[in-house]
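Right, one structure below, let's go through it.
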Amino acid sequence: MYSEKVMDHFRNPRNVGIISDADGIGEVGNPRCGDIMKVYIKVKDNIIEDVKYETYGCASAIASSSIASELIKGKTLEEAWKITNKAVAEALDGLPPIKMHCSVLAEEAIHKAINDYRKSHNLELWEERTHAEVIKEHQCNN
Amino acid sequence: MKKSIYMDYAATTFVRQEVLDEILPYFKDYYSNPSSLYSFAEDSKKAIKLARQRVASVINSKEEEIYFTSGGSESDNWAIKGIAFANKDKGNHIITSQIEHHAVLNAAKFLEKNGFTVTYLPVDSDGFIKLEDLRNAITDKTILVSIMFANNEIGTIEPISEIGKLCKEKGVYFHTDAVQVVGHLPIDVESMNIDLLSMSGHKFYGPKGVGVLYVKKGVKIENLIHGGAQEKGKRASTENVPGIVGLGKAIEIAQSEQNFEIKRLTALRDKLIDGILNKVSNTKLNGPTGNLRLPNNVNISFLGVEGETLLFDLDDAGVFVSTGSACASGSLEPSHVLLSIGLSHELAHGSIRLTLGLNTTEEDVDYVLEILPKIIEKRRAMSPIWSE
Amino acid sequence: MKKSIYMDYAATTFVRQEVLDEILPYFKDYYSNPSSLYSFAEDSKKAIKLARQRVASVINSKEEEIYFTSGGSESDNWAIKGIAFANKDKGNHIITSQIEHHAVLNAAKFLEKNGFTVTYLPVDSDGFIKLEDLRNAITDKTILVSIMFANNEIGTIEPISEIGKLCKEKGVYFHTDAVQVVGHLPIDVESMNIDLLSMSGHKFYGPKGVGVLYVKKGVKIENLIHGGAQEKGKRASTENVPGIVGLGKAIEIAQSEQNFEIKRLTALRDKLIDGILNKVSNTKLNGPTGNLRLPNNVNISFLGVEGETLLFDLDDAGVFVSTGSACASGSLEPSHVLLSIGLSHELAHGSIRLTLGLNTTEEDVDYVLEILPKIIEKRRAMSPIWSE
Ligand SMILES: Cc1ncc(COP(=O)(O)O)c(C=O)c1O
Ligand SMILES: Cc1ncc(COP(=O)(O)O)c(C=O)c1O
Ligand code: FES
Ligand code: FES
């Protein structure tokens, strides 16, 4: 069902944890949907110096947050912002269609964390895409 | 060596050797179409008759009341749509429960789109329907009550005899989906006043793709599969002789060891339940305890962890379990059964089902009790909704 | 030793050894429910995928257009009722022929009782429908045309490509019951413009109790068996893995030897037909001659003798044939197919069908040609409606 890459990141999730003095925190998801992702970033000179996260969700949600943490670490905020859910899914060698929503959570959590940082630094907020915009075919009844 | 412990017997079972032995000759030797008239067809004709007798004797029906189908889903669909279409002049109201298998629920939903109304009875926190609710729901338009014998996710055994009695009193047909029960617990359609009953071969060590609908003599039912004159004209299609033979043999063996297995599995089940609840905090057993729970069913929710995660972690450790029912896998929705017994979405998402069977040993249970707490601990540690 | 010559391959076939070999591991080793998520389910999942690919490649469809069912009758019922219920907002008119299998005819009759109207096209004396009749029958209420690919009793091969083209032109769904054709003749759903096609595993050396409905992508169809999410939510029930594996293997082998078998069987068929017609007076071949007849089908009426009599006399001589189709056996009505091609009741009652297959040899044909004239002679001698 899942690629080897997904299973690898699921079994050994990278960068798990919390950053107690984080510069930005993004939490997305809904326990009603069975998933919550909380991303912590540490920013220095516009670069994501460190990233940690906690994830409650299915195997692909855990793998998505793990690979996303690797993708944004060391990137500028602009670069990190551009990492889409598709990039997350591709980095995992693909996700089943019904699980694309887990990769969306990763994108959203990163965006929220970056905007949280920008807000606290009185920077203009960047525009986030909505969940429904990103995956149209997927229906959420919650 | 990597462990390989199957704990998903409610999803499907292997075909046991004695059953396979009995099936094999019907593929290449006695392969004739049982409806044929020549002597060569005698063997396959007799084989089907024997299977019918075996099934009838286990549920205490008459041989002519047993109709072979392609599985539990077809039996459920046939019962519900067949009664509806044949009795629509009498009424257009059907009663079932919120925790039925999707084969029943989705057949009912189809009927709702085609002129019928359906009442979905609620259940209490252990999954039991209330007789009073049923009594109140029956109107003079009601033609069918369909309540499952036991639930496939949480193991709740419904008050079938009482439902049967009530339906008889009210003159309403009573169908029960006994897919999780046949072969595992005693059933008596006569004393329980059951008019229609579904079963599926692959849930009791028979083959997949074959099932039974018991239809009490005199019950007015329309075909689901129209066509040839097989099964007394009620279910068309060339008989699946090997499948039918296998189902017959499997039900006979299951019956012979039933008492022994009920005791053995109940003990293993309770050891597993108690062990998990004791070793892991913030858990909840779904479904009742004791005799009103299927002997082989364990269903537990873990706060702060998602069920699919546990499934894959257990898979890595060589233990095969499920979250909810196999056929709902791949859906993002939490189980309708768990929501119906009042679980929050969160707890419903965090549940796994472990179902035991013939090859399950005490060592298997011990092994699960050893690894599961560690898995939970690891996943809770990374969960944003968990804090000790 | 007593002869044992099976000449009823159109009723059912044995499962060939290579197919059985491929099936066996799925009963006890790879027995998992393919919908399960754990790694143990990979084998059964892959096996089903392979079977789907094999079927798709033989009829030139896409893999996702193949849905496994419990046999030809279910496929026919699903196609006809499924299209009807899903498209009733567009129209309530269905067209089929008078010589369809009962699975089609009785599904259509069910719909007639539930708000649909059905046109049953007549056929000519060889069993062919006329394209003009079809064209004239199509109205703006027509939602489905269901015409069989080839007839199971008299072997007539209908003008499928032309029907497909016409239906496409008119924007009407086209279903064809290809149960007698799959594995035996080339089929291309793409170039033939077929929207739905039924097949059944046990007609081409696969197992009984498993079939396929091909449903072209985009076709709007309601489920026949509602329930779980199997088969992309279109056909519920735990997959019959051994059955599906067997059907896939069987169709692959059948395809590989198809050209050879067509030639071989056509020669045997024509020898048998010519032999009987030459040796016995007052006979009539039912169905066409040449390429528009199924390569393995012989159907002949004998004036003054009843078909069932012949069946039993041949049985005594070790030859197994049928009168009409197996599933109509036990009915006293003469075949609806033979009446539709214009036979008198008398001639229709006096017909037998001999269908050839893998194990049929020229010696078998010679043997039948030796004994059959004697049997006819004996029975005619005692017949009140026969005088030389
Ligand atoms: C033309 C035709 N359609 C449908 C069927 C039904 O197939 P099954 O008996 O596998 O359901 C048959 C054979 O029985 C047939 O010959
Ligand atoms: C309670 C119940 N009903 C019906 C079914 C459907 O049976 P099958 O998958 O054999 O069609 C199942 C199992 O899948 C079940 O557990
Ligand atoms: S947010 Fe509920 S499933 Fe996507
Ligand atoms: S976390 Fe919701 S489906 Fe993956």
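Since every read-out is calculated from the coordinates, none of them should be taken as a lab result. Just so it is clear, the model here is predicted, and its values are computed rather than measured. Because the Cβ atoms are built from the backbone with ideal geometry, glycine has one as well, and the counts that use them run over all protein chains shown.
Worth a mention:
- Equivalent ellipsoid, the protein assembly as shown (semi-axes from 5 times Cα gyration tensor eigenvalues, Å): 54, 31, 26
- Förster radius 45 Å - calculated FRET efficiency between residue A:5 and residue B:132, Cβ distance, rounded to 0.05: 0.25
- Residues B:219, C:210, B:319, ranked from the fewest to the most other C-beta atoms within 10 Å, line up as B:219, B:319, C:210.
- At an R0 of 22 angstrom, the distance between the Cβ atoms of residue C:386 and residue C:2 translates into a FRET efficiency of 0.15.
- Straight-line reach from residue B:3: taking Cα to Cα under 12 Å and skipping same-chain neighbours fewer than 8 places apart, the aspartates and glutamates in range are B:315, B:316, B:363, B:364.
- Using R0 = 22 Å, the C-beta based FRET efficiency linking residue C:345 and residue B:42 works out to 0.15.
- Temperature 20 °C, viscosity 1.002 mPa s: under these conditions the Stokes-Einstein estimate for the range C:203-308, based on its Kirkwood radius over C-alpha pairs, is 121 µm² per second.
- Principal axis extents of the Cα atoms in chain C, from largest to smallest and rounded to whole angstrom, are 70, 52, 34.
- Projecting the Cα atoms of A:12, A:74, A:22 onto the charge dipole of the range A:4-140, computed from C-beta unit charges around the Cα centre, puts A:12 farthest toward the positive end.
- Each of the peptides C:249-259, B:179-189, C:130-140 was scored by the mean count of other Cβ atoms within 10 Å over its residues; in descending order, highest first, they stand as B:179-189, C:249-259, C:130-140.
- The DSSP beta bridges internal to the protein assembly as shown are antiparallel in roughly 60% of cases.
- Among beta bridges that DSSP assigns inside the range B:115-252, antiparallel share in %, nearest 5: 50
- Cα lying deepest toward the dipole's positive end in the range A:4-140, options A:55, A:115, A:41, charges on Cβ: A:55
- Over 21 Å (Cα to Cα) - which of B:88/C:109; C:2/C:208; B:45/B:234; B:90/B:168 fall in this group: C:2/C:208
- Within chain C: Cβ-based charge dipole about Cα centre, in debye rounded to nearest 20 (Lys, Arg +1; Asp, Glu -1): 840
- Total charge dipole magnitude, the range A:4-140, about the Cα centre, Cβ charges on Lys, Arg, Asp, Glu only, Debye to nearest 20: 220
- Nearest-to-axis residue of chain B, judged by beta-carbon position, where the axis maps B onto C, in Å: B:70, 2
- Here the spin labels are modelled as points 7 Å beyond Cα on the Cα-Cβ line, and at residue C:63 and residue C:139 they lie 4.4 nm apart.
- The fewest-to-most ranking of B:320, C:204 by surrounding Cβ atoms within 10 Å reads B:320, C:204.
- Length-normalised contact order for the range A:4-140 - Cα pairs under 8 Å, 6+ apart - percent: 26
- Taking Cα centre as origin and charging only the Cβ of basic (Lys, Arg, +1) and acidic (Asp, Glu, -1) residues, the dipole magnitude of the protein assembly as shown rounds to 1000 debye.
- In terms of other Cβ atoms within 10 Å, B:383, C:73 run from fewest to most in the order B:383, C:73.
- Within a straight-line Cα-Cα reach of under 19 Å, residue A:86 can be paired with the following lysines, leaving aside sequence neighbours fewer than 8 residues apart in one chain: A:5, A:73, A:75, A:99, A:112, A:136.
- Global form of chain A, assessed from the alpha-carbon gyration tensor, a/c cut-off 1.5: prolate
- Expected 222 nm ellipticity per residue - DSSP helices of 4 or more, -39500 (n - 2.57), all of chain B, to 500: -12000 deg cm²/dmol
- Separation between Cα centres of the range B:221-292 and the range C:56-135, rounded to whole Å: 36
- Shown here are the Rg and Dmax of the Cα trace of the range C:32-144, at 18.4, 58 Å.
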